[in-house]
């Protein structure tokens, strides 16, 4: 069976985040490990990203579903001598840059009409003795499907 439009979008987001590498012009190598729906907590796995698909809203109109799906990208990265806030902001910047890149077709698999950054930042700063900082970024992506048919536009 083929994937739903939503599944195709989520898969393309996960693939796009793997581009976050210093060799590709980003500040971090967080794209070396991208997971979906699985938090990254193991120190040996850092830097890493996790894609968390969230709920969507639907506005049916004229035989179509107009959908707005939110998704969250969590990132975690080690820091050593640099300030954790500085390192966290580099990672957040990389996530936002990759997800809002104007060549949206590479991000959403060609199905979405719009993608925007909604909110994000560093939620918790490390405690003494911890050497990692975590960030998050929430995005909203708009797309449409045929009424009652999540597989086709």
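Which residues, counting only those in the range 43-90, are within 17 Å of residue 31 (Cβ to Cβ) and touching a helix residue (DSSP H, G or I) at 6+ places or on another chain (Cβ under 6 Å)?
Hits for the range 43-90 are 47, 49, 51, 73, 75, 77.
Given (1) more than 13 Å from residue 75 (Cβ to Cβ); (2) more than 15 Å from the chain's Cα centre (by Cα), identify the lone condition not met by residue 37.
The failed condition is (2).
Does residue 143 satisfy the criteria of being surrounded by fewer than 13 Cβ atoms within 10 Å (Cβ to Cβ), over 14 Å from residue 51 (Cα atoms) and in contact with a helix residue (DSSP H, G or I) (Cβ under 7 Å, 6 or more places away or on another chain)?
Numbers: surrounded by fewer than 13 Cβ atoms within 10 Å (Cβ to Cβ): no; over 14 Å from residue 51 (Cα atoms): yes; in contact with a helix residue (DSSP H, G or I) (Cβ under 7 Å, 6 or more places away or on another chain): yes.
Considered against the rule, which asks whether it is surrounded by fewer than 13 Cβ atoms within 10 Å (Cβ to Cβ), over 14 Å from residue 51 (Cα atoms) and in contact with a helix residue (DSSP H, G or I) (Cβ under 7 Å, 6 or more places away or on another chain), residue 143 comes out as no.
If residue 42 satisfies every condition in (1) under 26 Å from residue 7 (Cβ atoms); (2) more than 11 Å from the chain's Cα centre (by Cα) but one, which is the exception?
(1)
Is it true that residue 64 is touching a strand residue (DSSP E or B) at 6+ places or on another chain (Cβ under 9 Å) and without any contact (Cβ under 8 Å) to a residue 24 or more places away in the chain? Full working, then the answer.
Working: touching a strand residue (DSSP E or B) at 6+ places or on another chain (Cβ under 9 Å): yes; without any contact (Cβ under 8 Å) to a residue 24 or more places away in the chain: no.
It is false that residue 64 is touching a strand residue (DSSP E or B) at 6+ places or on another chain (Cβ under 9 Å) and without any contact (Cβ under 8 Å) to a residue 24 or more places away in the chain.
Each value in this text was obtained by applying a stated rule to the coordinates, not by laboratory testing. Bear in mind the structure is a predicted one, so any value in this text is a computation, not a measurement. Glycine also receives a Cβ, built like all others from the backbone with ideal geometry; neighbour counts cover every protein chain displayed.
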